[in-house]
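What follows draws every value from the coordinates through simple rules; no lab data is involved. This structure is a prediction, so every number in the text was calculated from the model and none was measured. Quick reminder, even Gly has a Cβ in these numbers, built from the backbone with ideal geometry, and neighbours come from all protein chains shown.
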């Protein structure tokens, strides 16, 4: 049943550029593209938040770092001056994407190493603190546009593909997206994933079993940061723009809202949550200037009316439907 | 010397403001276990309601009860309609629900009062700067804020340490389940605590009106700093909120005032300004990170 | 049969543009959050211009399609793509903030549509990245503050304190001020979302300058001016401001604390030309007491510019012709003289205004003198078009 759904979903995703063209609404393609990118970031947050029980309120920092890696390398590629005197710029996706993942992961390692000494609400706030510091840093970086950000005039190159073409960009992002979720699936099913889930349920027991919780949590935090960095790098390529806006605390909040909306700790939840949030925001904004009111009320109804977000709601509906049939 | 003294007063005033907001938040957080992102909305509701009445009547003082009443009533309504259904739920559901409340309140304010910031009245008697010490001019309105904050702090201290409600509040902050087990009407206690927190937020919002801008989203600007105060002070601790509020207020002000100047002694002026204000912006977050690394539960963790 | 008919009418519509659907103008602007009032002014002024011509601009029927970007660059881009690709809109305007413009404008101009900015004029789009499809009707960000520097110099001051938030626009503001002031300047940077300036007030008093320049737009500016008065500095140290820190909404919210300030502007409500009078009267008739800001004026001017171009081309069928017509800037601007420079940013005059109390005691700006005549911006020479 689930397999059929996944196959159908993938086929639909492959057909999106054709469908939106046929419907005469090519801009929907960019909405779907944004959903794919945000779902990567949200899923990476869900990995530590849902599976690992680490509520990070600074996840946008890694998202932004990923974006800035692409932006900064583009600036140096354009000017020809190497970064810090020895790192040459680049506009090759095969260079910038892995680098964004590595740099974001390294940042996450740093932040995680310190933050994971705390837990609970203190963990929420300390991750926020580090993200804020990074935000203020990028705001004051005049070389890279400060608050105005970096305009990336041309998206990164890949195998001579026409990255200006929206459909090509979509398929490139779709491939990365699919790869990310396959990897994530295997990670969650792996023994590492089991340990992470075990630590959330009972940290002491896992420690007694010989798994050092701190180390495992840190590894998970680094992986999640790297995932957000990947999403940020894709976003910078897609928007052809990067700015401190990507690291703002409200962006961290939005990622968290996507995770909660989709259902915390469910594999497909972040995709659902990112989709629902962006679709709602986009359509409500087109419908009325007072869209935040409608969005607020809808979110309230969802959170009060369901347990476990939209994923839970759909599960409930499915259960109700099957019961109705028998 | 005069300058340092004046900056100390400024820091004190900012700290008192943070305390007024953090006191309610820390109680709601500590006793009810609710992360209330919409606390800033109550601050905004107080400011708008009070300013509206003050402008209509022409009296700053008539606006005050209106601000308090509006914020407290809004608090009761939020508690009864939304928060009450979420006590048993995950923290994250509360985050989503109160985030939704922020969106809702901001837009309701736009519908009611428009998008432009509104004019605020200043009490006549407090409008002109006075000379506290030779060479030290200070706006009396800020002294009024400091005094109000200190009175509220004293009042809360008495309420919590000398009354039955206070005893329950203390017990609730330390061990929630125990209070429930004692057969106390926990629902009423929660409503009272939430209303009190909302009232203080409304007070802070109305008092901030004459010195800052009464506009949509004003609550979010100060919300983060308030959460920092709560966590540094220790969740659930009024004393912690007081100490941390004053501490952060003073440190933030001092860093802003003197760090660029100090750095100018060791580096070129333009770099010193940029670096100095950069560090000052990060100041409270840096401080929070340091405090939490040394004392993971904050300075005065309840029940610790 | 029905299908055939509708197909025929579709063909007919395409064949006869004058009779066809109105020309759509896509407006991407910020309506939510603290900066929402700016987007509202921009939207309402453009709608006012359209209404005053009976739903037309330059004799061509137009329809204004507005959407809120929520001050998020990603949302701005999304809306731009929807407007341009899905709804076939070829003329866009409305963006308030530089970072939304940075993400959105390149996409619009690359797709062949024309963007005319009623507000944001960031430097990263004014120089080497200038584009034939990108016009700015308001100003280039730097020129706002250059005028203020010129004003402070003309008033005979030599020693100033300059304050601005610690971000790019703030640094540009102080740099712009210094460029023409040429005196001694002490710089104080404030934090990004700071609403309490007590610490800075003390520093100003300690520095004892001859004049104070500060750049704090919107709510920050309101807080700054109130606290400046409360600290007793208003009578002590004169202040000169650039227009983002004293727009009509700020004046209204600050009240008497603004009386006595001097500011520089490219337009003011008391300008003595027909276009400006028509605009101000039209605004008052429709919006009554609602404060009128220069944001609205810029948007109204944008509408007049579009009208002048549409009058020549009759529509947007020939985008090249329309672009040429826009570039000619053949319209009577509310600010008097107006022309486009080589980077399609304005060449215009700058004025000094005094903030005085009107009959009701409310602060209002009164134009004093012309400071600079027909100036463009410093990025124009980097533009190779």
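Here are some notes:
- Value of relative contact order over chain C, rounded to a whole percent, pairs C-alpha under 8 Å and six or more apart: 18 percent
- Cα centroid of the stretch C:159-223 to Cα centroid of the stretch A:168-233, whole Å: 47 Å
- The C-alpha radius of gyration of chain C, expressed as a fraction of 2.2 N^0.38 Å, stands at 1.02.
- The relative contact order of the stretch A:2-248 comes to 39 percent, based on Cα pairs under 8 Å that sit 6 or more residues apart.
- Note on the stretch C:313-385: Cα-only Rg and Dmax are 17.5, 52 Å.
- Per-residue mean of foreign Cβ neighbours for C:269-277 is 0 (Cβ atoms of other chains, 10 Å radius).
- DSSP assigns beta bridges within the protein assembly as shown; of those with both partners inside it, close to 45 percent run antiparallel.
- Considering only C:371, C:241, C:91, the mean-square fluctuation computed in a Gaussian network model of chain C, springs between alpha carbons under 10 angstrom, is largest for C:371.
- Radius of gyration and Dmax over the Cα atoms of the protein assembly as shown, both given in Å: 28.5, 94
- Per the Kirkwood formula applied to alpha carbons, chain B shows a radius of gyration over Rh ratio, Rg over Rh, of 0.99.
- Inter-chain Cβ neighbour average for residues C:96-103, partner chain, 10 Å: 6
- Between the stretch C:57-84 and the stretch C:239-255, the alpha-carbon center distance in angstrom: 28 Å
- Shielding of peptide B:122-129 by partners, expressed as the average count of other chain Cβ atoms within 10 Å per residue Cβ, is 3.
- With Cα atoms, 0 to 90° folded angle of helix C:274-287 axis to chain C main axis: 90 degrees
- Highest average first, the peptides C:42-52, B:3-13 ordered by how many other beta carbon atoms sit within 10 Å of their residues are C:42-52, B:3-13.
- Helix B:39-57 and the longest principal axis of the C-alpha atoms of chain B enclose an angle of approximately 70°.
- Packing rank of A:110-116, C:321-327, B:195-201, where each peptide gets the mean count of other beta carbons within 10 Å, highest leading: B:195-201, A:110-116, C:321-327
- Between the stretch B:11-68 and the stretch A:94-149, the alpha-carbon center distance in angstrom: 32 Å
- Nearest 10 degrees, 0 to 90: helix B:91-113 Cα axis against chain B principal axis: 70 degrees
- Over the stretch C:101-161, relative contact order from alpha-carbon pairs under 8 Å, at least 6 apart, %: 30 percent
- Exposure proxy ranking, count of Cβ atoms within 10 Å, fewest first, for A:194, A:242: A:194, A:242
- Two-decimal Rg to Rh for the stretch A:2-248 - Kirkwood Rh, Cα set: 1.00
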